[in-house]
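See structure below.
The values are calculated or read from the model by the stated rules, or taken from the named source; none is laboratory data. Because the structure is predicted, anything quoted here is derived from the model rather than measured. Positions of Cβ are backbone-derived with ideal geometry, glycine not excepted, and every protein chain shown enters the neighbour counts.
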Amino acid sequence: MLLNLALAAVLAAGTLTAPDSRDAAPCREPYRVDQRLPNGARWQLCWEMRTIEGLTVTRVVYVPKGRRGVGVLRSGALAQIHVPYDSGEPRYHDIGSLGPSAVPLTAADCPGGRRREQTVCVTTRPRGHAHLKDGYGDPGRRRSAQGHELVVLAAYQVGWYTYIAEWVFGDDGSITPRLGATGSLAGYTTTPKHGWPTGVGHRHFEESHSHNVFWRLDFDIQGRSRDVVEQYDFSGNGTKKRTMVRTRLTHEAKAVSAPMRWWRVLDPKVRNGDGHPVSWEISNSDSSRYRGPAEEAFTHHDVYVTQYRACERLASMNAAPRCADSVDAYAGRERLADPVIWVNVGFHHVARDEDADPMPVHWQGFRVTPRDVTAKNPYGG
Amino acid sequence: MRRGVALAGSALGVAVLAGALILLAGDGSPQAARTAGQQQPAPGDPLTPEEVGRASEIANRRHMAGGRVELLYVERDDDKAHEGDRRAAAYFYDYARDTLVVRTVDLGRGEVVAESKAAGAQPPPSRREEVVAAELLLADPRLGRGVRAEYARAAGRPLRSASDLGLRGLIFRGGPCRTHRCVRLFVRLPDERFLDTSRIVVDLSAKKIHTLEW
């Protein structure tokens, strides 16, 4: 048993190789983030405030406690904020030059952290229980720990809205991209069937609308080669049994969310100490799943998987010559050799009296969690 | 509390907003690595101000014949195929021909290494375009009068120029703007109100205003 454990440790050290935390950093201060969290988990990444996409994280490496680092994302950024109003008009695409729209942050906007170049905050914060396991009366066997997370955030002023874009890196190896909308409501008056009465009485009906937020994640698990995407389903409805169905996406794909459905990106050659391929799981279960008209086909799916092309950056209104205009068109028939994942998360906002003013932030996002990155929970104490 | 107020004789309305909403302007070159100093930038660093300036100069060296061409902005080229190189993409728009031109500059070699053009591709508006669009709005006799009146009411003094307004622009396509470069503006007044400009589209190619109907 002991020998097996030792062997596993050696395997783990041998399989998760470069990029090593000791290698030359791919970026410098103030663009470098290298944060060790209280439980020993460590995240290394670079950030950039791009003119079009705004805050972009690049070269993201997760270093589990006691192990070597593993490259996760080559880059991650917002890819569109599509805002159609319920009466049919107006319909906005809120990217927008996000970079120049970034709001200078105060120290109070970045509690416990450090502002980088005024518009980016890098901080850490508690995330509640990491685990809790009773000792059945034996305090020595009781396991309880509080978790923490690294946050890299920026805020943008787009019209009435202030958007807060967060990249949250958990001390459990998870990544949570999320967008919060705050600022003010538009103040558009509509008919009762498209809105909700705000203000005194029933004179002003604030128009309901959607925020369909797209993220682009270029996964490169230990480099750009060999990455594979799988979709998992669990068949069985109204029955006792559930049967796992694995679909390997060999070609570009458009997928919709479904109960229990998730995806993962893995590199079959990068293994953990148990010999299982290292992967990151993507779930998108918290979306209002907006579906627009035919000319907004980019809203018709919840996850897109495309072959990497440098010019494909926005999910709609992409502006690059010799490049398609939207993500539904990127997802053609190409064979996947270097997959990029696009996640579409919708939030339908029906205003309420509490939304004025300033509007309390409402969040939308999704989770990326490690699956078999380490052979066991490295934070069990 | 908010309420919608229609401007007499104008297609503009005003959304009245209460509460503290402060629109803070950036400096227009967010991608510029301002504190990198004289040190050579690392591969993942944003472009330095010096690199942005040099990329603009190199991209502008070869004249673009005819047209009405403006440099929108310079973005770092993040193509993985050129991982170690310092490259920049300079976005130009030709309003006369309604064509986007992107010139890729290799800063190490000091030259343009690629140029691509497309009609119909509309990158987000630049800060300068937002101001130009506001100037066109102010030049419209009816709408301009409405904006000035609302500004004077909010600020207690007359509008001096378009840059007095809090501006943010988004690209509008469709309708009269299928081929032209058009923006829809958000216009914030000093008293935190926003003009209701949702139906107003500024056509930068034709230098005119369209009012949408729905």
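For this structure, a couple of remarks:
- Identification of strands (runs of 3 or more DSSP E) wholly contained in the stretch B:132-214 with 3 or more residues that are surrounded by fewer than 22 Cβ atoms within 10 Å (Cβ to Cβ) yields B:208-211.
- Residues of the stretch A:198-211 classified as within 12 Å of chain B (Cβ to nearest Cβ), in a strand (DSSP E or B) and in contact with an Asp or Glu (Cβ under 9 Å, 6 or more places away or on another chain), total: 3
- Residues that are modelled with pLDDT of 95 or more, more than 14 Å from every other protein chain (Cβ to nearest Cβ) and either crowded, with 20+ Cβ neighbours inside 10 Å or in contact with a Cys (Cβ under 7 Å, 6 or more places away or on another chain) (or both) within the stretch A:1-38 comprise A:Gln35, A:Leu37, listed in sequence order.
- All of (1) hydroxyl-bearing (Ser, Thr, Tyr); (2) part of a strand (DSSP E or B); (3) under 30 Å from A:Ile95 (Cβ atoms) hold for A:Ser257 with one exception: (2).
- Sole exception among (1) assigned to a strand (DSSP E or B); (2) surrounded by fewer than 22 Cβ atoms within 10 Å (Cβ to Cβ) for B:Val105, by number: (2)
- Considering the stretch A:57-69, and only residues there that are part of a strand (DSSP E or B) and more than 8 Å from every other protein chain (Cβ to nearest Cβ), the residue that is nearest to A:Gly380 (Cα to Cα) turns out to be A:Val63.
- When A:Thr106 is tested against (1) β-branched (Val, Ile, Thr); (2) more than 9 Å from chain B (Cβ to nearest Cβ); (3) within 18 Å of the chain's Cα centre (by Cα), just one condition goes unmet, and that condition is (3).
- Of B:Val183, B:Val187, B:Val201, all but one fail to be in contact with a Cys (Cβ under 8 Å, 6 or more places away or on another chain) and touching a residue at least 24 places away in the same chain (Cβ under 8 Å); the exception is B:Val201.
- Selection count, the stretch A:283-304, where residues are crowded, with 22+ Cβ neighbours inside 10 Å and among the aliphatic types (A, V, I, L, M): 1
- Failed item, numbered, when A:Phe214 is tested on (1) out of contact with any Asp or Glu (no Cβ under 7 Å at 6 or more places or on another chain); (2) surrounded by 22 or more Cβ atoms within 10 Å (Cβ to Cβ); (3) within 14 Å of chain B (Cβ to nearest Cβ): (3)
- Subset of the stretch B:108-131 that is assigned to a strand (DSSP E or B) and touching a Pro at 6+ places or on another chain (Cβ under 8 Å) - its residue that is farthest from the other protein chains (Cβ to nearest Cβ): B:Lys117
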